[in-house]
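Please read the structure below before turning to the comments.
The values are calculated or read from the model by the stated rules, or taken from the named source; none is laboratory data. Not measured: the values here are computed from a predicted model. A quick note on method: Cβ atoms are made from the backbone with ideal geometry, for glycine too, and the neighbour counts reach across all protein chains shown. Calculation scope for accessible area: heavy atoms of the full protein, side chains included, ligands and nucleic acids excluded. Shrake-Rupley method; radii C 1.70, N 1.55, O 1.52, S 1.80 Å.
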Amino acid sequence: MKLGGLSSRRGYYDDYYTRNKRSIRIFVILAIGIISVVAFLMSLKGMLLTEAETKLLEYTRISGDYIKTSEAGKQFMDENWVSGELTIIPGAKNPSYFHGNAHSYVVTLEGKVIGALSKSGMTALSNYGSTVIHSVRNLSDTQFYQDVIERKGLVELLKVESGEKYYIAFTSPSWLENGYMISIVPYQEIHQEILAVWKMAIVIVLFSFLAIVLAFSYSILHRNRIKKQSTDMGEADKITGLPSPLIHKKKVKDRITRGNVAFAYVSFIIENYDIIYQLSGKQYCEKLLKQIADKIQSELTEGELLTRYHDDEFGMLLEYQGELALRNRLVRLLKYAGDLPQEDNNFCSITFQCGVCELREGMEVKDIIRNARQVRNYGVNGYTANIEFYNEKEEEREEPKIEDITNALIQNEFLVFLQPILKLDTNEIAGAEALVRWNHKMNGILAPNVFLPMLEEDGSIVKLDMYVLEEVCEYLKDWMDKGRKVVPISVNLSGKNLNRADFLTELIGIVDYYKIPHELLELEFSEASVYKSMELMKITIQKLSDLGFHIAIDKFGAGFSSLQLLKELPIHVLKIDKKLIMDLEDSEFSNQENTIVMHILSFAKARNLTVVAKGVETKEQQNVLINQQFDMLQGFYYQKPMPSEQFEKLLDSSKA
C-alpha cells in the first residue's frame, strides 16, 4: 500500500483542505486587489504630476509667444534686452493656472531677471527674488542650454536654503538668443492640486473596492445559504449515501416523541483513522467509509437510523433492550463492519471507539448526541470495540487537568508496576512490561487512560517516559546488586520523543548512569506512532538497535496494520494487540482472526522476531495461542501488573 496524503489530525481531511484552499484563494484575491489599488494610486499621482509640469511649460510658452507677438514685447526686447534693466512687460495676462500663483520671467544666461510679465510676478520676485534664481544650476552651462532647446523645455524641482521648494519650467524660444523664458510656481501649489484629485480618487476607489468586497461576501453567503438549504432538504452524504445529519436528527426526535419503543443513541469513530488515511489515501478511505456504512445499514431493523456526521464519525439509533444485550449486539455489529478484505499486505481489521446514551423521556436530541460523544473516548473496557455507556454520574465526572498531572509527575505520584511476560512452552517468566499508574491523593490508583491521553496531547508524555525508564533502571540495578535473577524489562516510549533533539542522549545517559546492560531493556513503540513518523522512526530505531537495545512494536493488529511497512524496521519483538487475541476464542469471528494471526506469525518467523500475545484473559484464549505457536504470553490470566517488590519475589520462584 503506497503512502497517501499526510494528515496531522484524526479524521477525514477533504473538507478541511477545501476550506483551506478557499481561504487561500480569497486571501490572494484581496492581496492582488490591494496591490492593484496601491499601484493605481501611485500611477495616478505620477500622471497628475506630469500633467502639472506640462501645464507649467505651456504657461511658459504662452508667455514667450506674448513677448514675441505683442508690441509691448517687441519694445521690451529692443530696449531692455540691451540695457539689462528689470521691467514689467505690460499687457500680459496671467493665466488661471495654479490659482494665479505661477509667474513667468525673461532671464539671461547669466541668471539675471530682466523682465516680469505681470505686477504680481514682480511682487513675487521681490519675495523669493534672486534666492530662487541663484539656486538654479548654472544657466550658462552649455549642456543645460542645449537640453532645454532639444527637449523644447524642462521642468525641475528646486529646494532653496530656507527649505521651500519650487517647480521651475525652462524654455528657450528660437527668437530669444542667449536667454530663457522661465515660470516659477511654489511646490505646495502643485501638490495641493494633485492631493485634491488624489483624495477624490482614493474615495472612489475605496467605495468601489468596498462594493466589490460586499458583492463577493454576499455571493459566498448566498452560496452557503443555498448549500445549507439543500442540506436541510435532506441531501444525502456523497460518500456513503446515508441521510444528512439534519434529517437524521429530525427522525431521532420523532422516535423520542413517539415513545413506544426504547432506543439508545450510539456515536462511533474509527480508531487510528488518520493513520489509515496516511497509509492509504483519499480513495481507499472513501471506499472504507462506504463499506462500513453499507454493512451497518444492512443490519439495522425497521425504525433504526444511521448517518455520517463528518470524517469518520457516525451516529446511529438502535433499539434498546438492556445494556448487556446492546453491548453484545454492538460488538458483533462493529466487528462485522470492521472485517474488510485484505489488500496489499495490509490486514484491514478496523476497530471502533463507541459511546452509547439511552434515550429517556424529556431528553433533547442535542443532549443525547453530546452524551454519547462524551463517553465515546473514555477508554478500553475489555471488549473488541471500545464501548462506553453514559449514565447520570458522567455529569459529575471531573476530568483531571493537565496541571494536576504535571504536578503529580513532579511530586512522584506515579507508580511503575511490572506485568510478567511468560514463555509459552515452559511458563517461565522471560521478562516484564513496565506499566504506569497514578497514585492519586484523593482517588487512589488511577488507570493510564485517565491521564496518558492528556499527557500525549500536551507533549509532557516524554517526561513521564523518562521517569518510567529511570524507575526501571533502578529496579534492574537493585536486582543486579543483590545478585538476584534479572530479566529484560519493556518500557513504552511515545512517538513524541522522536521530535526531541536530546532524546537519544538523555535515554542513553540514564541507562549508562545505572550501568544497565542495554540488552536488558526492551524499548516499545506503538504501531500507531510508527506510521505517524515513519522516516524518523526508522532512523531512531536503527540507532537504538545498533546500541544493543531490543526494539518492540506494541499493539500490532489494533485495527489497520501493515506488515509491508514493518519490513523496513530493525525490530526484535512484535506484540499482538489484545483486541485481536480476544476474538480468537469467538467461533463467530475466529476464521478471519486465525488467518490474520497466521500471516503475522509467518512474517515474524521469517524474520526471527519474537511474537508476544498481549491481553490473555481466559484459558480458552491460552489454548488457542498455544496452537498458534506464539513465543510468549502476557495478560491477566497469568498475572496482573504488580509492584516491583512483588515481581521480585515472583521472579525468584521462576514461574508464575
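Selection over the stretch 529-542 of residues that are touching a helix residue (DSSP H, G or I) at 6+ places or on another chain (Cβ under 6 Å) and either touching a residue at least 60 places away in the same chain (Cβ under 8 Å) or open to solvent by 30 Å² or more (accessible area, probe 1.4 Å) (or both) gives a count of 4.
Can you name every residue in the stretch 427-445 that is touching a residue at least 24 places away in the same chain (Cβ under 8 Å) and open to solvent by less than 60 Å² (accessible area, probe 1.4 Å)? Answer for the stretch 427-445, where residues must be touching a residue at least 24 places away in the same chain (Cβ under 8 Å) and open to solvent by less than 60 Å² (accessible area, probe 1.4 Å): I429, A430, G431, A432, E433, A434, L435, V436, R437, W438, H440. If you check F352, F347, F417 for being at pLDDT 85 or above and open to solvent by less than 30 Å² (accessible area, probe 1.4 Å), only one passes: F352. Step by step: first the residues of the stretch 267-296, then only those that are among the polar types (S, T, N, Q) and within 23 Å of R376 (Cβ to Cβ), then the one that is surrounded by the fewest Cβ atoms within 10 Å (Cβ to Cβ). Which residue is that? So the residue we want is Q291. When I256, I269 are checked against the criterion of being of a type in the set (V, I, T) and assigned to a helix (DSSP H, G or I), I256 stands alone in meeting it.
Yes or no: L289 outside any loop (DSSP other than H, G, I, E, B), at pLDDT 85 or above and not basic (K, R)? Judged against the criteria, L289 is a match. Filtered by the rule that a residue be without any contact (Cβ under 8 Å) to a residue 24 or more places away in the chain and open to solvent by less than 70 Å² (accessible area, probe 1.4 Å), the stretch 596-622 gives a lone residue, Q622.
Pick from the stretch 467-490 the residues that are part of a loop (DSSP other than H, G, I, E, B) and in contact with a helix residue (DSSP H, G or I) (Cβ under 8 Å, 6 or more places away or on another chain): which of them is least open to solvent (accessible area, probe 1.4 Å)?
Taking the stretch 467-490 first, the residues part of a loop (DSSP other than H, G, I, E, B) are 483-488.
With the extra rule that they be in contact with a helix residue (DSSP H, G or I) (Cβ under 8 Å, 6 or more places away or on another chain), the set shrinks to 484-488.
On the way: R484: 95, K485: 81, V486: 43, V487: 8, P488: 46 Å².
Of everything passing the filter in the stretch 467-490, V487 is least open to solvent (accessible area, probe 1.4 Å).
Cβ separations smaller than 7 Å between residues 6+ apart or across chains give the following pairs from the stretch 154-174 residues that are more than 15 Å from H103 (Cα to Cα) to residues that are acidic (D, E): L154/D147.
The residues in the stretch 425-459 that are in a helix (DSSP H, G or I) and of a type outside the set (F, W, Y) can be counted, and the count is 10. Scanning the stretch 586-609 finds no residues that are modelled with pLDDT of 85 or more and assigned to a strand (DSSP E or B). Would you point out the residue of the stretch 6-63, among those that are small (G, A, S), part of a helix (DSSP H, G or I) and surrounded by 14 or more Cβ atoms within 10 Å (Cβ to Cβ), that is modelled with the highest pLDDT? It comes out as S63. For F525, the criteria (1) at pLDDT 95 or above; (2) not in a helix (DSSP H, G or I) hold in every case but one, which is (1).
Please work out if I247 is out of contact with any Leu (no Cβ under 8 Å at 6 or more places or on another chain), assigned to a helix (DSSP H, G or I) and buried (at least 17 other Cβ atoms within 10 Å of the Cβ). Answer is yes for this residue. Cβ separations smaller than 8 Å between residues 6+ apart or across chains give the following pairs from the stretch 328-349 residues that are closer than 17 Å to E271 by Cβ to residues that are open to solvent by 10 Å² or more (accessible area, probe 1.4 Å) and at pLDDT below 60: V331/Y383; V331/T384; L334/T384; K335/T384; K335/F589; D339/F589; N346/M1; C348/Q342.
For S135, the stated conditions hold: it is open to solvent by less than 60 Å² (accessible area, probe 1.4 Å) and either more than 26 Å from F40 (Cα to Cα) or modelled with pLDDT under 80 (or both). R373 meets all of the listed conditions (1) open to solvent by 50 Å² or more (accessible area, probe 1.4 Å); (2) touching a Lys or Arg at 6+ places or on another chain (Cβ under 8 Å); (3) at pLDDT 85 or above but one, namely (2). Count of the stretch 494-522 residues, restricted to those that are of a type outside the set (K, R) and assigned to a loop (DSSP other than H, G, I, E, B), is 6.
Restricting attention to the stretch 77-87, does a residue exist that is among the charged types (D, E, K, R), under 60 Å from the mean Cα position of the chain (by Cα) and open to solvent by 60 Å² or more (accessible area, probe 1.4 Å)?
Filtering the stretch 77-87 down to residues among the charged types (D, E, K, R) leaves 78-79, 85.
Then keep just the ones that are under 60 Å from the mean Cα position of the chain (by Cα); that gives none.
Checking the stretch 77-87: not a single residue is among the charged types (D, E, K, R), under 60 Å from the mean Cα position of the chain (by Cα) and open to solvent by 60 Å² or more (accessible area, probe 1.4 Å).
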